[in-house]
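Student: My questions all concern the structure below.
The values are calculated or read from the model by the stated rules, or taken from the named source; none is laboratory data. A quick note: this is a predicted structure, and the numbers were derived from the prediction, not measured. Virtual Cβ from ideal backbone geometry, glycine too; neighbours counted across all protein chains shown. Quick note on the areas: whole protein, heavy atoms, side chains included, nothing else; ligands and nucleic acids left out. Shrake-Rupley method; radii C 1.70, N 1.55, O 1.52, S 1.80 Å.
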Amino acid sequence: MAEPAVPAALTRFNSEPVEQVEDVLQAINAAPRFATEVAVGRPYPDVDTLVRRVEQVSRGLPWEEVAIALTAHPRIGDRVTGSSPEARSSRREQNGMTAADVELKAAVLAGNRAYEQRFHHVFLIRAAGRSAEEMLAELHRRLDNDVEVERAEVTQQLAEITALRVRRLMENGAP
């Protein structure tokens with residue numbers, strides 16, 4: 001039985017200069033050591049192995065690096081502008097907010113303010129595949145977390161977002 005074909009995007013990812021790969025990865029997850037740790041693991045035999053490594057590295061980041069990565073993420077519900085890879089990804093991922101009515105959008109923005117006042121960083125959630133109502137319910141639930149529990153949830157959400165973006169990069173050539 002023949003081996004499955006390696007996607008062209010993975011072949012490029014495995015063979016491009018390390019600096020170029022790190023630039024692409026840095027746009028996906030801005031934590032300082034993330035890009036280097038994933039890049040040095042090349043070559044990856046398949047996309048699933050790459051995505052597992054991305055999740056592993058993301059989950060293993062110290063809080064200080066997660067906090068740096070958070071600075072690249074817009075608030076849920078904010079109108080994302082710009083043409084950076086992060087902006088394009090965020091617009092696509094926050095698609096569930098586009099159908100939200102004015103009251104729901106206002107509730108999300110008020111929840112963001114309460115969350116940021118409590119935890120001192122943006123509310124991070126894997127928005128892809130979630131409705132505005134689901135994101136608001138998660139925001140309210142997580143407001144009751146203590147700091148350590150919330151940091152663990154944020155790190156997990158960052159890992160999920162990063163994995164989705166890397167998988168999209170391998171499928172579409174752009175995160």
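Student: Tell me, which residue of the stretch 119-175 that is part of a loop (DSSP other than H, G, I, E, B) and of a type in the set (K, R) is farthest from I28 (Cα to Cα)? Show your work before the answer.
Tutor: Step one: list which residues in the stretch 119-175 are part of a loop (DSSP other than H, G, I, E, B), which gives 120-131, 143-146, 173-175.
If we keep only those that are of a type in the set (K, R) too, we end up with 126, 130.
Numbers: R126: 13, R130: 20 Å.
That would be R130.
Student: Write out, first by first residue and then by second, each pair whose Cβ atoms fall under 7 Å of each other, whose residues are 6+ apart or on separate chains, and whose first residue, in the stretch 158-169, is touching a residue at least 60 places away in the same chain (Cβ under 8 Å) while the second is among the basic types (K, R) and in a helix (DSSP H, G or I).
Tutor: Correct list of pairs: A159/R59.
Student: Quickly run through the stretch 108-121 and pick out the residues that are under 9 Å from G77 (Cβ atoms) and open to solvent by 20 Å² or more (accessible area, probe 1.4 Å). Steps first, please.
Tutor: Restricting attention to the stretch 108-121, the residues satisfying the condition of being under 9 Å from G77 (Cβ atoms) are 108-109, 111-112.
Hit for the stretch 108-121 is L109, nothing else.
Conditions tested, residue by residue: (1) at pLDDT below 95; (2) within 12 Å of the chain's Cα centre (by Cα); (3) within 15 Å of P175 (Cβ to Cβ).
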site: Y44; (1), (2), (3): no, no, no
site: D48; (1), (2), (3): no, no, no
site: V54; (1), (2), (3): no, yes, yes
site: E65; (1), (2), (3): no, no, no
site: L70; (1), (2), (3): no, yes, no
site: A87; (1), (2), (3): yes, yes, yes
site: M97; (1), (2), (3): yes, no, no
site: A100; (1), (2), (3): yes, no, no
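Student: Taking the stretch 147-171, which residues are surrounded by fewer than 14 Cβ atoms within 10 Å (Cβ to Cβ) and in contact with a helix residue (DSSP H, G or I) (Cβ under 8 Å, 6 or more places away or on another chain)?
Tutor: V147, E171
Student: Related question: Taking the stretch 122-137 only, how many residues are of a type outside the set (V, I, T) and surrounded by 19 or more Cβ atoms within 10 Å (Cβ to Cβ)? Show your work before the answer.
Tutor: Residues of the stretch 122-137 of a type outside the set (V, I, T): 123-124, 126-137.
Next, only the ones that are surrounded by 19 or more Cβ atoms within 10 Å (Cβ to Cβ) stay: 123-124, 127, 130, 132, 135-136.
Going through the stretch 122-137 one residue at a time, the tally reaches 7.
Student: Mind listing whichever residues of the stretch 25-39 are of a type in the set (A, V, I, L, M) and over 19 Å from A9 (Cβ atoms)?
Tutor: Listed by number, the residues that qualify are A30, A31.
Student: A further question follows. Looking at the stretch 40-78 only, could you name the residues that are surrounded by 19 or more Cβ atoms within 10 Å (Cβ to Cβ), among the small types (G, A, S) and more than 21 Å from Q20 (Cα to Cα)?
Tutor: G77
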